[in-house]
Amino acid sequence: MNKIFEIPLYPYTRSPDQDAESPVRRKVVIVGAGPVGLAAAIDLAQQGVEAIVLDDNDKVSFGSRAICFAKRTLEIADRLGGGQEMVDKGVVWNLGKVFFGDRKVYEFNLLPEEGHQRPAFINLQQYYFEDYLVKRARQIEAKGAPIELRGQNKVLDVTDKGDHTVLRIDTPEGEYTIEADWLIACDGAGSPIRSMMGLDFVGRVFEDNFLIADVVMDADFPTERWFWFDPPFNKGQSALLHKQPDGVWRIDLQLGWDIDKDEEKKPENVIPRLKAMLGEDVEFDLEWVSIYTFQCRRMEKFRHGRVIFAGDSAHQVSPFGARGANSGLQDTDNLVWKLKMVIDGTAPEALLDSYDIERIHGADENILNSSRSTDFITPKSETSRIFRDAVLDLSEKYDFARPLVNSGRLSMPCTYDGSPLNTPDALPGGPDRTRPGAPCPDAPLGNRFLLGDLGDRFTLLTINADAPDTLDEGGIAVTRLALSAADDATGALAARYLGDAKSAVYLIRPDQHVAARWASFDDTATRAAIRRATGQE
């Protein structure tokens, strides 16, 4: 059994804040040292913004929890400094198979095109991701970055003072108080911060439960996502199998609604279920067991003055589709560059309203897809079940039925259509996939890749077009990345960014979403787009 989750990685140490005569004011305080909180802190610290992380624990989470990390998350992790470690350790997969009863009805490829540095998905236990992020935080802290992880620091109370918050914190050596200009709540689905502020979720709780089991075994299953509808070993329900590193396999078994969760988690009840699936002669060790209930809910607003919610504290979805941790990383990726500009005074505080608009749009998209998956996986009426089973039968032989099969629409990055930060599209013939609001797709550039060159700043990407090498508008520095047909040996760049156009100029945000695009450079239009993308007009 892996013991990484038993080692204190950020043990309690006394902070000078605990000995101060009056509460110390901190720039940004983050509550929660899971993947979302750590990613936010690293992103802020790499850009020179002070980030203090408080967590009532002192080690990584127990059990695999989130395991499926999408290409977009890996691209974000690259900018945080940990993407390669994740890929090196993780199990890479692109192929999924769907079974109905005991027969395969079809399979799918999540990344059918070439020319991306990162795979569609990797499977990696959450505790490894957290371990990499903690080590990355320590690494940049050692280089002078303003980041601090405080383990066994439990927030007891939050008081909103308008232009800051006051936090009362408990430690092994007693309580202390600090102030925060900005508070980011990344404290999970049961968010104590949300409860302290009297806030709640809106949405649906589905009448179904799934058993999660991490099983250590030697098995010859391929590195694929396998999903069963009505399998013989879990009749009338569904099941899911994923491979993880270290010989660990994630198994999800649908249990139904009216169950005793404590009883179902007991090894003497779990092991017979697993043997029915894997075979009586398969030897395995049970590493971790949990039960989850389908939930598709979110807060009405993610920003409440100087308190901002991200990740599971802001929204919850059922796990089919791997939308939890992946959407949480997209939250911080959207938030941090905006918060830095507000703190630096280069953008108005109103820019943070776009975090609410864009990430609520993303949450609603995830909830819609997750709800549809849940309704397909667990039909609520006999008519719905008959329809679902007919779709599964037809999908074995007919292509038209396969898009209707929904075993979990897997996480894709959100396109911020309708965002107030977008400038209307001005690239005739430009590809739809790179319209304003869209995340930038990767493309090979010789021995490197496009997203690595874009980085985490405002960039003017020009393809077969002239433009200034640098531009400054309202304190926002924009650097040009000049590319041409000579950089595009595979044709992927032209297909993804030119389409039918001969040339293009893109304004790319620090989170690598398209803010605006034109056929050629226009100084007035570009400056207006920069102001719009930073909330200055």
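The values are calculated or read from the model by the stated rules, or taken from the named source; none is laboratory data. All figures in this text were calculated on a predicted structure; none of them were measured in a lab. Positions of Cβ are generated from backbone atoms using ideal geometry, with glycine treated the same way; all protein chains shown enter the neighbour counts.
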Number of the condition not met by LYS380 [criteria: (1) in a loop (DSSP other than H, G, I, E, B); (2) basic (Lys, Arg); (3) in contact with a Ser or Thr (Cβ under 9 Å, 6 or more places away or on another chain)]: (3)
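Residues are listed down the side, and each one gets a yes or a no for (1) over 30 Å from SER407 (Cα atoms); (2) of a type in the set (Phe, Trp, Tyr):
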site	(1), (2)
GLU6	yes, no
TYR12	yes, yes
VAL87	no, no
VAL92	no, no
Residues satisfying the stated conditions in the stretch 80-106, i.e. crowded, with 17+ Cβ neighbours inside 10 Å, modelled with pLDDT under 90 and either among the polar types (S, T, N, Q) or within 18 Å of the chain's Cα centre (by Cα) (or both): GLY82, TRP93
Hey, ALA51 buried (at least 20 other Cβ atoms within 10 Å of the Cβ), within 15 Å of the chain's Cα centre (by Cα), outside the structural domain of ASN447 (by TED's automatic domain parsing) and touching a residue at least 60 places away in the same chain (Cβ under 8 Å) or not: no
Qualifying residue in the stretch 134-148 (condition: free of Cβ contacts under 8 Å to residues at least 40 places away in the same chain and outside the structural domain of ASP331 (by TED's automatic domain parsing)): no
Residue satisfying all of: in the stretch 135-163; among the basic types (Lys, Arg) and in a loop (DSSP other than H, G, I, E, B); surrounded by the fewest Cβ atoms within 10 Å (Cβ to Cβ) among these: LYS143
Number of positions in the stretch 282-315 that are part of a strand (DSSP E or B) and under 12 Å from the mean Cα position of the chain (by Cα): 1
Filter result (under 15 Å from the mean Cα position of the chain (by Cα), assigned to a loop (DSSP other than H, G, I, E, B) and either of a type in the set (S, T, N, Q) or surrounded by fewer than 23 Cβ atoms within 10 Å (Cβ to Cβ) (or both)) within the stretch 107-134: ALA120, GLN125
Strands (runs of 3 or more DSSP E) contained in the stretch 169-250 and holding at least 1 residues surrounded by fewer than 18 Cβ atoms within 10 Å (Cβ to Cβ) and hydrophobic (A, V, I, L, M, F, W, C): 201-216
Yes/no for VAL282 being modelled with pLDDT under 90, among the hydrophobic types (A, V, I, L, M, F, W, C), closer than 30 Å to PHE99 by Cβ and touching a Ser or Thr at 6+ places or on another chain (Cβ under 8 Å): no
Residue identified as within 20 Å of the chain's Cα centre (by Cα) and without any contact (Cβ under 8 Å) to a residue 40 or more places away in the chain among LEU352, LEU368: LEU368
Unique match (being under 22 Å from GLY144 (Cα atoms), under 20 Å from the mean Cα position of the chain (by Cα), surrounded by 17 or more Cβ atoms within 10 Å (Cβ to Cβ) and among the small types (Gly, Ala, Ser)) among ALA66, ALA70, ALA77: ALA77
So GLU179, is it modelled with pLDDT under 95 and more than 21 Å from ILE291 (Cβ to Cβ): no
Lone unmet requirement of (1) modelled with pLDDT of 95 or more; (2) assigned to a loop (DSSP other than H, G, I, E, B) for ASP333: (2)
Matching residues in the stretch 491-522 - criterion: being among the charged types (D, E, K, R) and in a loop (DSSP other than H, G, I, E, B): ASP500, LYS502, ARG509, ASP511, ASP522
